[in-house]
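Chemist: Below are the structure tokens for one structure; questions will follow.
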Amino acid sequence: MGETRPGLPFHRLRVARVIAETADARSLVLSVPPALAAEFGYRPGQYLTVRVPGGGGTVARCYSLSSSPHTDTDLKITVKRVRDGQASNWICDHVEPGAELDLTPPAGEFTPASLDDDLLLLAGGSGITPVMAIIKSVLAQGRGRLALVYANRDAGSVIFAGELAALRERHPDRLTVTHWLDHERGAPRGEDLAPLLRPYARREAFVCGPEPFVVVARQALERAGVAPQRVRVERFESMLPTTLDATAEVTLDGQTHRLAWPAGTRLLDVIMSAGLNPPFSCRQGNCGTCACRLVDGDVELVRNEVLEEEDFAEGYILACQAVARTGRVAVTYD
Ligand SMILES: Cc1cc2nc3c(=O)[nH]c(=O)nc-3n(C[C@H](O)[C@H](O)[C@H](O)COP(=O)(O)OP(=O)(O)OC[C@H]3O[C@@H](n4cnc5c(N)ncnc54)[C@H](O)[C@@H]3O)c2cc1C
């Protein structure tokens, strides 16, 4: 179980167990062989990137670790189905105990500076995964007090309901959990959540979930008086700008490939779906590993934390964040 391809940080790990958390969410418990233990060390709140079949090739998606390095021996990710989603449904439908998955080592910055800090936690749906890791670590290893506001469609879709109830019982003075169920109270708005947050407005806040939840959570935090610089956010999807179907001409390892580029998809997914091996790592627009040069056409970067003006001037773009703005786009890695 070593590295699957030279140059890429993927390693093949075995799935030890599959846990049906709810009707549409599964956890995969991953065995890390001793030789990879150091590389797969992690902080609570970090994520892995998983490569799975999709679009005739492979697609890569990020999944946060719901396990805690302080309480769990194995690594665990928790995947919730997204309607028509390629990777989430493939994982929930096909991954059985004993399966092997290609994964990158943990990454990400959605992690508290100290486990002794008091925190305000807001999670929407599958956004509970990194938050769960943080809760377990703080309660086991730190002195911090935690207030969690956790929004879901209905009671049946609450991932980790039992575990959270048990933790609350064990630590009544350190953990409060407020569930918001859309089914009972309608989808939350900023003004609905703000009163629940106000008692904790002096704490650092951690927000995680799909974009619509993040938007509401931010509004609520602002109303509650939490300073924006004290709000940490992990988005489970990016808002893609409106884009068009295009053709990508990709030069990689001396060969040029003409690829169909469906509207709204990222260039990196298009290239990987074609079975090619472009370099990449974080998939978040943070690291620059996937940078290639734009030779023709135009793209928009959904997110960019690494390229600067002079990089753009030289034509560099991030494949993991690029969506097409012209019908034909040519890039080169060479
Ligand atoms: C840092 C990070 C950590 C993540 N951790 C987790 C995790 O722990 N558990 C988990 O289940 N997911 C997590 N995600 C989301 C995950 O990476 C995928 O985006 C998600 O599983 C959908 O992928 P897909 O291939 O099934 O859908 P795609 O085929 O990529 O998308 C299908 C459609 O669904 C929409 N969509 C994509 N993602 C979402 C979403 N999250 N909610 C609603 N609609 C969406 C797309 O816009 C598109 O229209 C994380 C994402 C990031 C960036």
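The values are calculated or read from the model by the stated rules, or taken from the named source; none is laboratory data. Owing to the predicted nature of the structure, the values given are computational and were not obtained by experimental measurement. Note: ideal-geometry Cβ built from the backbone for every residue, glycine included; neighbour counts use all protein chains shown. Only protein heavy atoms, including side chains, enter the accessible area calculation; ligands, DNA and RNA are left aside. Shrake-Rupley method; radii C 1.70, N 1.55, O 1.52, S 1.80 Å.
Chemist: Using a Förster radius of 51 Å, what is the FRET efficiency between PHE312 and SER31 based on their Cβ-Cβ separation? Nearest 0.05, please.
Modeler: Working: r = 43 Å, r/R0 = 0.84.
The computed FRET efficiency comes out at 0.75.
Chemist: Ok, one more. Hey, what angle do you get for helix 211-224 against the long axis of the chain, alpha-carbon based, 0 to 90 degrees rounded to 10?
Modeler: Taking the Cα atoms of the chain, the angle to 211-224 is about 40 degrees.
Chemist: Using alpha carbons only, what's the Rg to Rh ratio of the stretch 52-102 with Rh from Kirkwood?
Modeler: Working: Rg = 12.3 Å, Rh = 12.3 Å.
Value, to two decimals: 1.00.
Chemist: So who's got an amide H within less than 5 Å of the one on TYR316, skipping anything under 5 residues away but keeping other chains? H placed 1.01 Å off N, in plane.
Modeler: Excluding prolines and chain starts, which carry no amide H, the hits are LEU294.
Chemist: Taking every pair of distinct Cα atoms and averaging 1/r, then inverting, what Kirkwood hydrodynamic radius in Å comes out for the stretch 67-163? Each step should come with its number before you reach the end.
Modeler: Working: mean 1/r = 0.0659 Å⁻¹.
The answer is 15.2 Å.
Chemist: Right, another one. Report the antiparallel proportion of the DSSP beta bridges in the chain as a percent, rounded to a multiple of 5.
Modeler: Details: 46 of 74 bridges.
The antiparallel proportion sits near 60 percent.
Chemist: Return the sequence-ordered ³J(HN,Hα) values of the stretch 117-123 in whole Hz as given by the Karplus equation 6.51 cos²θ - 1.76 cosθ + 1.60 applied to θ = phi - 60°, using x for Gly and Pro.
Modeler: Karplus-based 3J(HN,Hα) across the stretch 117-123 equals 7, 7, 10, 10, 10, 10, 10 Hz.
Chemist: Identify, among VAL215, LEU181, ALA147, the residue whose Cα sits farthest towards the positive end of the charge dipole of the stretch 119-236, taking +1 on the Cβ of Lys and Arg and -1 on the Cβ of Asp and Glu, with the dipole about the Cα centre.
Modeler: ALA147
Chemist: Let me ask another. Taking the 0 to 90 degree range and rounding to the nearest ten, how far is the long axis of helix 161-170 tilted relative to the main principal axis of the chain, both from C-alpha atoms?
Modeler: Roughly 40 degrees, rounded to the nearest 10.
Chemist: Please compute the contact order of the stretch 11-103 in relative form: average sequence separation of alpha-carbon pairs under 8 Å and at least six residues apart, divided by the residue count, as a percent. Don't skip to the answer; put the middle values down first.
Modeler: Working: 176 pairs, mean separation 35.5, N = 93.
38 percent.
Chemist: Amide H to amide H, which residues 5 or more places from VAL32 or on other chains are under 5 Å from it, using H placed in the peptide plane?
Modeler: Under 5 Å from the amide H of VAL32 lie the amide H atoms of LEU75, each far enough along the sequence or on another chain.
Chemist: Could you order GLU234, GLU222 so the one with the most accessible surface comes first? Probe is 1.4 Å.
Modeler: Values: GLU234 30, GLU222 140 Å².
Result, largest first: GLU222, GLU234.
Chemist: Defining a contact as two alpha carbons under 8 Å apart and six or more residues distant in sequence, what relative contact order in percent does the chain show?
Modeler: Details: 758 pairs, mean separation 48.2, N = 334.
Here the relative contact order equals 14 percent.
Chemist: Rounded to the nearest 500, what is the chain's calculated 222 nm mean residue ellipticity when only DSSP H runs of at least 4 contribute -39500 (n - 2.57) each, over all residues? Could the numbers behind the result be given before it?
Modeler: On the way: 8 runs with 71 residues, N = 334.
Here the helix-only value at 222 nm equals -6000 deg cm²/dmol.
Chemist: A further question on this structure: For THR178, what accessible surface area do you get with a 1.4 Å probe? Give it in Å², rounded to 10.
Modeler: Ignoring ligands and nucleic acids, THR178 comes out at about 50 Å².
Chemist: Averaged per residue, what accessible area in Å² does the chain show with a 1.4 Å probe, protein chains only?
Modeler: Values: 14910 Å² over 334 residues.
Per residue, the chain has an accessible area of 45 Å².
Chemist: For the stretch 119-236, take the convex hull of the Cα atoms, compute a quarter of its surface area, and give me that in nm², please.
Modeler: Values: hull surface 26.1 nm².
Mean projected area for the stretch 119-236: 6.5 nm², to one decimal.
Chemist: Enter the mean projected area of the convex hull around the alpha-carbon atoms of the stretch 11-103, in nm², rounded to one decimal. Show your work: numbers first, answer last.
Modeler: Details: hull surface 23.7 nm².
Mean projected area for the stretch 11-103: 5.9 nm², to one decimal.
Chemist: Rounding to the nearest 20 debye, state how big the charge dipole of the stretch 195-268 is about its Cα centre with +1 on each Lys and Arg Cβ and -1 on each Asp and Glu Cβ. Spell out each step's value before the answer.
Modeler: Details: 10 positive and 8 negative charges, 129 e Å.
So the magnitude is around 620 debye.
Chemist: Specify the residue with the greatest mean-square fluctuation among ARG61, ARG12, ARG168, computed from a Gaussian network of the chain linking alpha-carbon atoms under 10 Å apart.
Modeler: Largest GNM mean-square fluctuation: ARG168.
Chemist: May I ask you to evaluate 6.51 cos²θ - 1.76 cosθ + 1.60, the Karplus curve with θ = phi - 60°, for each residue of the stretch 301-313 and list the ³J(HN,Hα) values in order in whole Hz, giving x for glycine and proline?
Modeler: 9, 5, 8, 8, 10, 10, 7, 10, 3, 5, 5, 4, 4
Chemist: Quick one: 3J(HN,Hα) in Hz for the stretch 286-294, Karplus 6.51/-1.76/1.60 with θ = phi - 60°, rounded, Gly and Pro as x.
Modeler: Taking θ as phi minus 60°, the curve returns 9, 9, x, 4, 8, 4, 9, 9, 7 Hz for the stretch 286-294.
Chemist: Per q in 0.08, 0.13, 0.14 Å⁻¹, report the Debye log10 I(q)/I(0) for the chain, using one uniform scatterer on each alpha carbon and no solvent.
Modeler: -0.40, -1.02, -1.16
Chemist: Calculated FRET efficiency, ASP84 and THR247, Cβ-Cβ r, R0 25 Å, to nearest 0.05?
Modeler: Details: r = 23 Å, r/R0 = 0.93.
The pair ASP84/THR247 has a calculated efficiency of 0.60.
Chemist: Could I ask something else about it? Rounding to the nearest 10 and keeping the result within 0 to 90°, find how far the Cα-based axis of helix 128-141 lies from the longest principal axis of the chain.
Modeler: 50 degrees
Chemist: Sticking with this one: Can you give the relative contact order of the stretch 119-236 as a percent, counting alpha carbon pairs under 8 Å and 6+ residues apart? Don't skip to the end; give the middle numbers.
Modeler: Working: 196 pairs, mean separation 37.2, N = 118.
Relative contact order for the stretch 119-236 comes out at 31 percent.
Chemist: Next question, about the same structure. What's the magnitude of the charge dipole for the chain around its Cα centre, counting Lys and Arg as +1 and Asp and Glu as -1 at the beta-carbon? Answer in Debye, nearest 20. It would help to have the intermediate numbers written out before the result.
Modeler: On the way: 36 positive and 42 negative charges, 200 e Å.
Taking the Cα centre of the chain as origin, the dipole is about 960 debye.
Chemist: Pull up all non-local amide H partners of GLY54: gap of 5 or more, or a different chain, and H-to-H distance under 5 Å with H placed in the peptide plane.
Modeler: Close amide H contacts, sequence-distant or interchain: VAL59.
Chemist: Give the residue from SER126, SER157, SER27 lying farthest towards the positive end of the charge dipole for the chain; charges sit on Cβ (+1 for Lys and Arg, -1 for Asp and Glu) and the dipole is referred to the Cα centre.
Modeler: SER157
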